[in-house]
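Worksheet: one structure, shown below.
The values are calculated or read from the model by the stated rules, or taken from the named source; none is laboratory data. Keep in mind that this is a model prediction, so the values were computed, not measured. In this analysis, Cβ positions are derived from the backbone assuming ideal geometry, glycine residues included, and neighbour counts consider all displayed protein chains.
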Amino acid sequence: MHSLDLTIPDGQFVSIVGPSGSGKSTLLGLIAGLDAPTAGEIRVDGEAITSMDEDSLAGLRGRKIGIVFQSFHLITSLTAYENVLVPMEIAGLGDAPARARALLEDVDLTARAHHYPSQLSGGEQQRVSIARAFSNNPSILLADEPTGNLDSRNGRHVFELMLKLNRQRGTTLILITHDHELAALADRRIALRDGRVVSDSDGSSGDSSAGDGATGGVDVETGGAAGDEVLETAAEPQHQGRR
Ligand SMILES: Nc1ncnc2c1ncn2[C@@H]1O[C@H](COP(=O)(O)OP(=O)(O)OP(=O)(O)O)[C@@H](O)[C@H]1O
Ligand SMILES: [Mg+2]
């Protein structure tokens, strides 16, 4: 990512669009604390995650963040049910077994609950990862093309589940999608290209910020001086290999 200044208020539904390789997953990884910026600060719910150690980050994710990864990241030695159950048990949530079953029911996977990821189709694995992302009642849901492997009926269903969390529970929803119809339903649409924000329907194009970021939501300020207007390609990799 080039320098970036972005505030996502609590409860906002933001879609992130952009060509392949434009930095969408990288931005999500930064917000989740799975990647660290080379410079700048990221605050989640007012907490500066850039200065947190791994244990504190894991704790914060467990309490507040649900992530649907582009490549699912299911634990291969656990069944669908266990993949949803285990994070809740680690977090000490009461009634984890019943809740895991209900979450799998929500994504229409009851019949496949005791299958391992290798026995599930891509779309089924994606739905398990969605059920898992919902399991900790996250106040922030980060979803990386969560409907990318689903047919239109399942895709719409999953999208409605996420929208329900956003509308009924005020979950902040940050959704990467190539589906422009879905993107258009968001409160705000951010477009990336070559690691920069090139448009933000909440503000002006280019580097932008919205709201005062005093409470809730997510603040991302990366890089040093504000970037110039010329688009650059082949940004230096800034990942730390923690994904
Ligand atoms: N771990 C990594 N180490 C080095 N470079 C990486 C790493 N992950 C991604 N990149 C590079 O960073 C750039 C942005 O990648 P990113 O995964 O954020 O793109 P994206 O917008 O999510 O694309 P897609 O739509 O294909 O998922 C790409 O050029 C990619 O090759
Ligand atoms: Mg991606």
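Data overview
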item: Residue within segment 142-164 that is of a type in the set (Ser, Thr, Tyr), part of a loop (DSSP other than H, G, I, E, B) and either within 16 Å of ligand 1 (Cβ to nearest atom) or at positive phi (or both) present; result: yes
item: Segment 172-194: number of residues that are within 16 Å of ligand 2 (Cβ to nearest atom), outside any strand (DSSP E or B) and either among the hydroxyl-bearing types (Ser, Thr, Tyr) or under 22 Å from Asn149 (Cβ atoms) (or both); result: 5
item: Segment 100-133, residues that are under 15 Å from His157 (Cα atoms), at pLDDT below 95 and outside any helix (DSSP H, G or I); result: Val107, Asp108
item: Test: residue in segment 31-43 that is among the hydroxyl-bearing types (Ser, Thr, Tyr), in contact with a helix residue (DSSP H, G or I) (Cβ under 6 Å, 6 or more places away or on another chain) and more than 11 Å from ligand 2 (Cβ to nearest atom); result: no
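Residue by residue, here is whether (1) modelled with pLDDT of 95 or more; (2) in contact with a strand residue (DSSP E or B) (Cβ under 9 Å, 6 or more places away or on another chain) holds:
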position: Ser152; (1), (2): no, no
position: His157; (1), (2): no, no
position: Met162; (1), (2): no, yes
position: Leu173; (1), (2): yes, yes
position: His180; (1), (2): no, yes
position: Asp187; (1), (2): yes, yes
position: Ala191; (1), (2): yes, yes
position: Gly195; (1), (2): yes, yes
position: Asp202; (1), (2): no, yes
